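First comes the structure, then the notes that go with it.
What follows draws every value from the coordinates through simple rules; no lab data is involved. What you see is a predicted model; the values in this text were computed from it and never measured. We place every Cβ from the backbone using ideal geometry, glycine too, and count neighbours over all the protein chains shown.
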Amino acid sequence: MRSYQLRRGWAKKLGGGNLRAIAAEAFGSAEERDGKVVTSFGACTRLTAWTDGTSLLVETEMNPGVPDDVAQKTISAFNRFLESATGYSSKERAKRAQQTAKPDAGPKG
């Protein structure tokens with residue numbers, strides 16, 4: 001399971017089925033089960049996403065034996081989903097992950 005920080009005020013945008021709509025837009029279809037969004041796409045055989053109000057939590061199951069073009073499409077769709085759901089681009093997510101990994105520094109603003 002991976003946890004992605006949400007942009008300030010972004011959690012409100014993910015309520016009321018909006019997270020499912022974001023996933024459906026990125027992956028083509030999605031459904032809601034037990035308060036979590038479940039979908040699959042390309043090399044991702046199962047993606048489960050939900051929010052705790054401050055973070056987006058994502059569990060993925062991947063098929064490593066897919067062709068390269070399928071893997072690239074899957075990564076692209078996953079990054080589009082994360083950007084729409086968290087409010088941060090892949091570059092911003094990487095920077096924030098590095099900041100939180102430092103032992104003396106937390107996330108900055």
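Remarks
- Pairs with Cβ under 8 Å, 6+ apart, first in the range 59-75 and closer than 15 Å to residue 40 by Cβ, second among the polar types (S, T, N, Q) and exposed (fewer than 13 other Cβ atoms within 10 Å of the Cβ): 61/45; 62/45; 63/45
- The residues of the range 44-58 that are in contact with a helix residue (DSSP H, G or I) (Cβ under 7 Å, 6 or more places away or on another chain), without any contact (Cβ under 8 Å) to a residue 40 or more places away in the chain and more than 14 Å from residue 28 (Cβ to Cβ) amount to a single one, 49.
- Leading residue by the ranking (farthest from the chain's Cα centre (by Cα)) among those in the range 49-93 that are β-branched (Val, Ile, Thr) and more than 17 Å from residue 11 (Cα to Cα): 66
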